[in-house]
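S.K.: Let me give you the structure first, and then I'll get to my questions.
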Amino acid sequence: MAVPTSYKVQIGVSMLLAGLAAIVVALTLLPGRPVVPEAVGFTLVGLVFPAFGSAMLRCYRAGVQTRGPEVLVVLWDTPRWVRVAAGTLTAGVVLCVALGGGAASGQPERTAEGYYLNHHGDRQPVSRATYESALKSGVRGFDAVATFLFAASALMAAAAYRAEEEALAEWRKASA
């Protein structure tokens with residue numbers, strides 16, 4: 001009995017979505033108006049929940065530790081290509097966030113009168129460039145978290161896959 005390929009599919013889909021989220025984060029560094037619509041960024045954030053939740057369920061089912069300091073050892077035992085890809089995407093996003101600057105000092109709003117940053121009801125008029133920078137900052141923050149969680153879900157699915165492979169090998173050895 002072979003390990004289901006659904007683990008491999010989940011690892012691949014999680015890494016693909018992490019890559020897409022990382023691209024969205026990198027595109028926020030381009031000057032001018034935001035290149036990617038906000039809906040794309042929020043959709044990626046919404047997809048984190050089923051990807052991360054199913055990875056957690058797979059770890060629970062396979063008996064993989066998901067809390068405490070032991071989780072780092074478990075994640076380190078995943079295949080090297082998954083660790084390298086997840087680490088590279090996460091490091092790239094951290095660099096983009098550092099280069100992009102801090103969060104805006106309010107929620108960006110656009111009305112007929114102009115551009116504003118709304119901080120708990122205190123609307124401050126700003127330039128169009130500041131408004132666009134605040135829009136990109138919001139997308140950057142959301143999708144940076146999404147990239148990290150997608151990469152973590154790929155690592156967790158790989159750890160669950162490895163744990164199930166080891167359990168199958170022990171079962172085969174015991175039944176032989």
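S.K.: Dividing the Cα radius of gyration by the Kirkwood radius, what Rg/Rh value follows for the stretch 1-151?
M.R.: Details: Rg = 18.6 Å, Rh = 17.2 Å.
Rounded to two decimals, Rg/Rh equals 1.08.
S.K.: Then there's this: Zone of Arg61 (label point 7 Å along Cα→Cβ, backbone N under 20 Å): which residues in the stretch 133-176?
M.R.: What the label zone holds, given the 20 Å backbone N cut-off, is 150-172.
S.K.: Let me ask another. So, with a 1.4 angstrom probe, what is the percent of accessible area on the chain that is carbon and sulfur?
M.R.: Of the solvent-accessible surface of the chain, carbon and sulfur hold 65 percent.
S.K.: Please calculate how many Å² of accessible area the chain carries per residue, with a 1.4 Å probe and no DNA, RNA or ligand atoms counted.
M.R.: Roughly 59 Å² per residue, with all protein chains present.
S.K.: Per-residue ellipticity at 222 nm for the chain, helices alone: DSSP H runs ≥ 4 residues times -39500 (n - 2.57), over residue total, nearest 500 deg cm²/dmol?
M.R.: Value at 222 nm, helices only, nearest 500: -24500 deg cm²/dmol.
S.K.: What whole-number distance in Å separates the alpha-carbon centres of the stretch 1-36 and the stretch 95-127?
M.R.: That distance is 27 Å.
The values are calculated or read from the model by the stated rules, or taken from the named source; none is laboratory data. Quick caveat, the model's predicted, so the values are computed rather than measured. Quick reminder, even Gly has a Cβ in these numbers, built from the backbone with ideal geometry, and neighbours come from all protein chains shown. SASA here: full protein model, heavy atoms, side chains in, ligands and nucleic acids out. Shrake-Rupley method; radii C 1.70, N 1.55, O 1.52, S 1.80 Å.
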